[in-house]
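What follows is one structure encoded as C-alpha cells, with my remarks underneath.
Please treat every number below as a calculation from the coordinates, not as lab data. Source: prediction; values computed, not measured. When we count neighbours, we look across all protein chains shown, and the Cβ atoms used for this are built from the backbone with ideal geometry, even at glycine.
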Amino acid sequence: MNEHTVKKFDEELTALKTKIAQMGGLAEEQLARSIDALISHDVDTADQIIMTDDKIDALELEIEEKAILTIAKRQPMALDLREIMVSIRIASDLERIGDLAKNIAKRIHAIEQEHPRRIMTGLARMGRLALAQLKEVLDAYAQRDEAKALAVWRGDEEIDALYNSIFRELLTYMMEDPRNIGVCTHLLFGAKNIERIGDHATNIAENIYYLAHGKPLKDERPKKDTTSTTPVTTFGA
C-alpha cells in the first residue's frame, strides 16, 4: 500500500491490522483449548474458555469503533476503504469463531457418559483441521497472500466430509441404543460448531480476495455438507 500524505492515517490502518492479529491469536487459542478439553473432558479448561470469550467480544467492539472513527475522519476511498471494511468483517467472523469455541466448551458440562472412541478420534481430527485452516487464513490476511487464502477456501470441503462421516456415525450409535442419544446429541452439536468454524475461515478467505480485487469471489463455494439430506431410519423400522 502506498504511503499516505497523512502519516496518522497509516498508523490507524496499522493499528487495525494489529488488533485483528491480536483477536485472531485469541480465537486460535480458544479453539485449540476447546478441542483439547472436549477430547479429554476437561471441565476446568472448559470454564476458562467460557470466561475468556468476553475478551474476544471486547476486541471486536474496539476494532469496529476504530474502523468507524477512521472512516469518519479520513473519508478513505478504493483500497483504503476496502482495508477498513474487511477488518470489520474479519472481526465479526473471529467473534463468531470465539462464540463457537465457547459453545463447544459448554457441551463438555453436559456430557457425562463415556465418549465413543471412534467419534472422538474423528472430532479431534476435524478440530485440528479447522484450527489449521484458521491459522492459514489469518497468515494469508497478515501477508496479503491471496493464493494462500484461496487454498483455505478450497480446503473447507475436507472439513465438511469429516462432519458428514461423524454425523452418520452418531446417528448409528443413537439408533443402536437409545441410551446413547444424550451424549451423541451433544457431540453432534460440537461437531457442527467445528464445521461452522470452517465456514467462518472460508468467509475470511473470501474477504481477502475482495481486498485484493475489489469485487466478491464469484466461484461457487465448495461445500460437501450433505447432512440435511441424510435419511434417518426410525427406531423399530
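In the chain, excluding the sites themselves, the longest stretch lacking any of the GluC sites (Glu not before Pro) that are in a DSSP loop with at most 11 other Cβ atoms within 10 Å is 4-111. Electrostatic tally near PRO216: other residues with Cβ closer than 13 Å to its Cβ, Lys and Arg +1, Asp and Glu -1, net +2.
Only one of [x] 1.05; [y] 0.96; [z] 1.01 was calculated from the structure for Rg/Rh (Cα atoms, Kirkwood Rh), and its label is [x]. On the beta carbon distance between THR172 and MET51, with R0 = 41 Å, the FRET formula returns roughly 0.70. Straight-line cross-link partners of LYS8 among the lysines, defined as a Cα under 21 Å from its Cα and at least 8 positions apart when in the same chain: LYS17, LYS19, LYS66, LYS73. Note on the chain: with a GNM built from Cα contacts shorter than 10 Å, the maximum mean-square fluctuation among ASN180, ASN203, ASN193 falls on ASN180. Remark: relative contact order (the chain) = 24 percent; criterion is Cα-Cα distance under 8 angstrom and separation of 6 or more residues.
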